[in-house]
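The values are calculated or read from the model by the stated rules, or taken from the named source; none is laboratory data. In this text, all values refer to a predicted model and were calculated from it rather than measured experimentally. As a convention, Cβ positions derive from the backbone with ideal geometry for all residues, glycine included, and neighbour counts pool all protein chains shown.
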Amino acid sequence: MVSSAGSRRLSGIDAARGLALFGMMATHIFPLYNPETGDATWVALVFSGRASALFAVVAGIGLALLTGGKTPHRGATLTDDRRGIAARAVVISLIGLALGGVEGNIAIILFHYGVLFLLALPFLGLPARILAWVAGAWLLLSPVAAYLLRPWVLATVQPPSLQANPVWEHFLAPWTLLADVAVTGYYPALQWLGYVLLGLLLGRLDLAATRVQLALVLGGGAAAAGARLSSDYLLGPGGGLTELLATGQGRRLPLEQMLSVSLTGVEQTGSWWWLAVSAPHSGTPFDLVHTAGSAAAVVGLMLLIAHRYSRPLAILAAPGAMTLTLYTLHVAVMGVVTAQPEPLDPLVIFWLQAAAMCALGLVFRSIRARGPLELLASGAAQGARSTGRRPAR
């Protein structure tokens, strides 16, 4: 049976989400630095920053598809959409808070994911031409706003970040929680909203059209390459790296190695040259454009593959259709792995989990069932939409 354009489109989006899931799993399981040389491993070079950005961009695409796709909903329907998405965001955030107490060296994204859903609500009714300007401006200007705001946050809020995943106890320190989620944490909402806005824009396009899919691959790839090359030039011949190495943080930290892996935990203050780096999780314009471009290219590629090879792609699309459940399962499993007295082989840990997730995804797909946590979030969303409807007279 030949699948429809709509089902092929969703299969490609699910495949991109599945790839993001496995990429994030890889960064959680495998070492990001070579223990002998201190250099970045191939997992860090391929997935660090890109996998989580892809996850956020695809989330934006999902919001667009929930609210009308190419033709955004209006009026009471859009109000219902917003109510449902807000309920979905609360459920996801609650799951994130529950997972925050699991032992393990994982920066859990779900609480921030829910916050980003809420922040995206005002933008859901915008057409593609306006979203293009808003998303582009956000990706380029939010890092500047964060750079200007960060010194004030560091000086005013004590402590300025959680240094951990959000849990219920952190609500007793609301200003620290707010600072961490918005500016100083692992997934700062100020910059990360740009990924969701880009996803909203992509979801307003005709994703079933081959020309759009090719444009995503070529345009996203060009943006990613251009951002990385421009950053390399500014840091190298432009003299930026020398300036950064002369800062207090540059003298204290192995900055050159960290630029290939992650700048998480680096304050990035005292020099405007911080905005020239493209390191994963640096939240700079070059980082956001590079990772956003990479995400767009992957989405386009998955859609192109789904157009011709949707059945083989099910190995990614099936688990990608239930990432909330599988991501939660992964975090729980890694809590057990971390608690073991002796370290386990990361290659075995990864492939056992990946195989189990693909099998679960394919089973749920074959019986046309949703993941349990997806069902919970969808039920909450549907309930919130229903409560907003007025009885007919």
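Looking at (1) at pLDDT below 95; (2) in a helix (DSSP H, G or I), which is the one condition that is false for Pro343?
(2)
Which count do you get for residues in the range 197-230 that are part of a loop (DSSP other than H, G, I, E, B) and either within 19 Å of Ser142 (Cα to Cα) or free of Cβ contacts under 8 Å to residues at least 12 places away in the same chain (or both)?
Summing the residues that are part of a loop (DSSP other than H, G, I, E, B) and either within 19 Å of Ser142 (Cα to Cα) or free of Cβ contacts under 8 Å to residues at least 12 places away in the same chain (or both) in the range 197-230 gives 1.
Hey, could you check the range 359-373 for residues that are within 22 Å of the chain's Cα centre (by Cα) and crowded, with 19+ Cβ neighbours inside 10 Å and say which is nearest to Ala76 (Cα to Cα)? So that I can check it myself, show each step before the final result.
Let us first name the residues in the range 359-373 that are within 22 Å of the chain's Cα centre (by Cα), namely 361, 370-373.
Narrowing the set further to residues that are crowded, with 19+ Cβ neighbours inside 10 Å leaves 361, 371, 373.
Working: Gly361: 35, Gly371: 29, Leu373: 27 Å.
So, considering only residues that are within 22 Å of the chain's Cα centre (by Cα) and crowded, with 19+ Cβ neighbours inside 10 Å, the one nearest to Ala76 (Cα to Cα) is Leu373.
Condition (residue is aliphatic (A, V, I, L, M) and touching a Cys at 6+ places or on another chain (Cβ under 7 Å)) applied to the range 307-323: is it met by at least one residue?
Among the residues of the range 307-323, at least one is aliphatic (A, V, I, L, M) and touching a Cys at 6+ places or on another chain (Cβ under 7 Å), which makes the answer yes.
For the range 292-299, indicate whether the set of residues that are farther than 30 Å from Ala137 by Cα and of a type in the set (A, V, I, L, M, F, W, C) is non-empty.
Restricting attention to the range 292-299, the residues satisfying the condition of being farther than 30 Å from Ala137 by Cα are none.
No; the residues of the range 292-299 include none that is farther than 30 Å from Ala137 by Cα and of a type in the set (A, V, I, L, M, F, W, C).
Counting only residues that are at pLDDT 90 or above and either among the acidic types (Asp, Glu) or surrounded by 14 or more Cβ atoms within 10 Å (Cβ to Cβ) (or both), how many does the range 383-393 have?
1
Any residue in the range 144-168 that's within 13 Å of Ala107 (Cα to Cα): show its pairings with residues that are surrounded by fewer than 18 Cβ atoms within 10 Å (Cβ to Cβ) at Cβ separation under 6 Å, as long as the two are six or more apart or on different chains.
So the pair list comes out as Val167/Gly101.
Scan the range 136-181 for residues that are under 24 Å from the mean Cα position of the chain (by Cα), of a type in the set (Gly, Ala, Ser), part of a helix (DSSP H, G or I) and farther than 20 Å from Ser231 by Cβ and jot them down.
The answer is Ala179, and nothing else.
Quick check on the range 10-26. Is at least one of its residues aliphatic (A, V, I, L, M), within 23 Å of Leu205 (Cβ to Cβ) and touching an Asp or Glu at 6+ places or on another chain (Cβ under 9 Å)?
Checked against the condition, which is being aliphatic (A, V, I, L, M), within 23 Å of Leu205 (Cβ to Cβ) and touching an Asp or Glu at 6+ places or on another chain (Cβ under 9 Å), the range 10-26 yields no hits at all.
Restricting attention to the range 97-129, report how many residues are over 20 Å from Leu66 (Cα atoms) and aromatic (Phe, Trp, Tyr).
Number of matching residues: 1.
Out of (1) assigned to a loop (DSSP other than H, G, I, E, B); (2) at pLDDT below 95; (3) crowded, with 18+ Cβ neighbours inside 10 Å, what's the single condition that is false for His307?
All conditions are met except number (1).
Can you name every residue in the range 31-56 that is more than 12 Å from the chain's Cα centre (by Cα) and in contact (Cβ under 8 Å) with a residue 60 or more places away in the chain?
Pro31, Leu32, Tyr33, Gly38, Asp39, Ala40, Ala44, Leu45
Give the range 251-282 a look and list any residue that's at pLDDT 95 or above and exposed (fewer than 15 other Cβ atoms within 10 Å of the Cβ), or say none.
Once the filter is applied, which keeps residues that are at pLDDT 95 or above and exposed (fewer than 15 other Cβ atoms within 10 Å of the Cβ), the range 251-282 yields only Trp272.
Could you list, in sequence order, the residues of the range 316-334 that are touching a Gly at 6+ places or on another chain (Cβ under 8 Å) and assigned to a helix (DSSP H, G or I)?
Across the range 316-334, the qualifying residues are Leu316, Ala317, Ala318, Pro319, Gly320, Thr323, Leu324, Thr325, Leu326, Val331, Met334.
Of the conditions (1) in a helix (DSSP H, G or I); (2) crowded, with 19+ Cβ neighbours inside 10 Å; (3) among the aliphatic types (A, V, I, L, M), Ala132 satisfies every one except a single condition; which number is it?
Result: Ala132 passes all but (2).
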